[in-house]
Amino acid sequence: MKFTPTPLPGAFLIDIEKRGDERGFFGRAFCENELAAQGLSSRFVQVNNSLSATKGTLRGMHYQLAPKAETKIVRCIRGAIWDVILDLRKDSSTFGQSFGAELSADNRRMMYVPKGFAHGCLTLEDDTELFYLVDEFYSPAEERGVRWNDPQFDMKWPIPPVVVSDKDSGWKDFVTT
């Protein structure tokens with residue numbers, strides 16, 4: 001696994017190091033030891049799978065409050081997404097900054113999203129499917145969100161969303177508490 005730091009400390013893009021021959025390739029998509037060697041969370045308790053039928057579907061920006069804050073490793077297994085993370089760590093030098101990258105079935109790239117970040121994605125193709133690891137169980141009482149177009153943040157999206165749930169479009173403007 002190859003770990004590339006993002007501009008937001010603690011968040012990484014992860015690429016599979018392929019070893020190939022005439023049959024195709026082999027690569028490690030998850031290794032507890034390699035994550036731990038990078039100082040990253042390596043214990044995951046839940047694996048989530050989502051499918052978005054329509055290009056332009058936006059999901060996010062989601063996070064959970066402590067003590068149920070989540071670390072995620074997100075991978076697109078069909079289609080393509082623009083994956084966005086937003087640093088909400090109050091003491092971070094990059095608080096309020098976001099970072100986005102394309103994750104696709106073709107590039108097999110993953111996003112490591114640490115605790116304290118909101119996460120969301122926008123599908124770039126129809127029938128896009130995600131598979132992601134989470135290190136905390138979902139807790140509705142701690143669930144929060146940031147609206148994808150909150151004016152306090154300068155999140156960049158490559159195309160306008162065409163499908164956004166009422167829940168995701170209804171998040172209030174973010175307030176630092």
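Within segment 14-58, the set of residues being at pLDDT 95 or above, of a type in the set (Lys, Arg) and touching a Phe, Trp or Tyr at 6+ places or on another chain (Cβ under 9 Å) is empty. Scanning segment 103-129 for residues that are closer than 30 Å to Lys90 by Cβ and out of contact with any strand residue (DSSP E or B) (no Cβ under 6 Å at 6 or more places or on another chain), we see that the one that is surrounded by the fewest Cβ atoms within 10 Å (Cβ to Cβ) is Lys115. Going through segment 34-82 one residue at a time, which ones are more than 23 Å from Leu122 (Cα to Cα) and either aromatic (Phe, Trp, Tyr) or part of a helix (DSSP H, G or I) (or both)? If the condition is that a residue be more than 23 Å from Leu122 (Cα to Cα) and either aromatic (Phe, Trp, Tyr) or part of a helix (DSSP H, G or I) (or both), then Glu34, Leu35, Ala36, Ala37, Phe44 are the ones that fit. Each residue in segment 83-95 was checked for being of a type outside the set (A, V, I, L, M), assigned to a loop (DSSP other than H, G, I, E, B) and buried (at least 16 other Cβ atoms within 10 Å of the Cβ), and 2 pass. Could you grab me the full set of residues in segment 96-125 that are assigned to a strand (DSSP E or B), within 22 Å of Gln64 (Cα to Cα) and among the polar types (S, T, N, Q)? If the condition is that a residue be assigned to a strand (DSSP E or B), within 22 Å of Gln64 (Cα to Cα) and among the polar types (S, T, N, Q), then Ser98 is the only one that fits. Would you confirm whether or not segment 79-94 contains a residue that is touching an Asp or Glu at 6+ places or on another chain (Cβ under 7 Å) and basic (Lys, Arg)? For segment 79-94, residues touching an Asp or Glu at 6+ places or on another chain (Cβ under 7 Å) and basic (Lys, Arg): absent. Checked against (1) crowded, with 19+ Cβ neighbours inside 10 Å; (2) of a type outside the set (Val, Ile, Thr); (3) in contact with a Ser or Thr (Cβ under 6 Å, 6 or more places away or on another chain), Glu136 passes all but a single condition, namely (3).
I need the full set of residues from segment 126-168 which are β-branched (Val, Ile, Thr) and either outside any loop (DSSP other than H, G, I, E, B) or in contact with a helix residue (DSSP H, G or I) (Cβ under 9 Å, 6 or more places away or on another chain) (or both), in order please.
Once the filter is applied, which keeps residues that are β-branched (Val, Ile, Thr) and either outside any loop (DSSP other than H, G, I, E, B) or in contact with a helix residue (DSSP H, G or I) (Cβ under 9 Å, 6 or more places away or on another chain) (or both), segment 126-168 yields Thr128, Val134, Val163, Val164.
The C-beta contact set for segment 73-86 (first residue free of Cβ contacts under 8 Å to residues at least 40 places away in the same chain, second residue among the hydrophobic types (A, V, I, L, M, F, W, C), distance under 7 angstrom, 6+ apart or interchain) comprises Asp83/Val74; Asp83/Ala101; Asp83/Leu103; Asp83/Met111; Asp83/Cys121. In segment 10-26, the residues that are in contact (Cβ under 8 Å) with a residue 12 or more places away in the chain and closer than 15 Å to Tyr132 by Cβ form Cβ pairs under 8 Å with partners that are in a loop (DSSP other than H, G, I, E, B) and among the β-branched types (Val, Ile, Thr), at six or more places apart or across chains, as follows: Phe12/Thr6; Leu13/Thr6.
The values are calculated or read from the model by the stated rules, or taken from the named source; none is laboratory data. All figures in this text were calculated on a predicted structure; none of them were measured in a lab. Note that we place each Cβ from the backbone using ideal geometry, even for glycine, and neighbour counts take in every protein chain shown.
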